[in-house]
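Below is one structure; the comments refer to it alone.
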């Protein structure tokens, strides 16, 4: 059962430093969310579990970023980058995201684990410009 995505509002949500962690299955459905992800996203942990991680995707994010991310992690490699996420209340927050595949004993990918931290402001400002240019090319 998929949730309705909130309407974005142009207001940033800032938070105190703490690692935000989640795990998904191979299709990106959330199987674990730590307390900090619930706090920062505005969703209860129970609301996040079983939902596609894309529920947190802000519409300002270029599609190409996630295409590259999925290609990288499904090939068994690690991916990192800056991501603008959407909170339940419509505000946004920026994270530096690091994702790595989870493997079973036979080296099959069984899911993904992601850790996020607060990115430096200068990196956010630089990525906002780059992502704007990417979105303009997508249209």
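Every number in this text was worked out from the coordinates using simple rules, so none of it is lab data. The structure presented is a predicted model; accordingly, all values stated were derived computationally and were not measured. With ideal geometry, Cβ positions are generated from the backbone for all residues, glycine too; neighbour counts draw on all protein chains shown.
Once the C-beta distance of residue 63 and residue 130 is scaled by a Förster radius of 22 Å, the resulting FRET efficiency is 0.95 to the nearest 0.05. Considering only 91, 57, 126, the mean-square fluctuation computed in a Gaussian network model of the chain, springs between alpha carbons under 10 angstrom, is largest for 126. Computed from label points 7 Å out along Cα-Cβ, the spacing between residue 80 and residue 44 is 3.5 nm.
By the beta-carbon count within 10 Å of each Cβ, the least crowded to most crowded order of 88, 117, fewest first, is 117, 88.
Largest mean-square fluctuation among 104, 89, 25, in a Gaussian network model of the chain whose springs join Cα atoms under 10 Å apart, belongs to 104.
Relative contact order of segment 69-139: 24 percent, from C-alpha pairs under 8 Å at least 6 residues apart in sequence.
Go from 0 up to the bin containing the longest alpha carbon distance in segment 20-138, width 10 Å each, and give me the % of pairs per bin. Result, from short to long distances: 13, 45, 34, 7, 0 percent.
When each of 49, 82 is scored by the number of other beta-carbon atoms lying within 10 Å, the sequence from fewest to most is 49, 82. Label-to-label distance, residue 72 versus residue 17, with points set 7 angstrom from Cα along the beta-carbon direction: 2.3 nm. Annotation: the residues 86, 48, sorted from fewest to most other C-beta atoms within 10 Å of their own C-beta, follow the order 48, 86.
Take the chain, connect every pair of alpha-carbon atoms lying under 10 Å apart with a spring to form a Gaussian network, then pick out the residue of 97, 64, 51 with the largest mean-square fluctuation. Result: 64 has the largest fluctuation of those listed.
Normalised by the number of residues in the chain, the average gap of Cα pairs under 8 Å and 6 or more apart makes the relative contact order 28 percent.
When the helices of the chain are scored as -39500 (n - 2.57) per DSSP H run of n ≥ 4 and the total is divided over every residue, the value at 222 nm lands at -8500 deg cm²/dmol.
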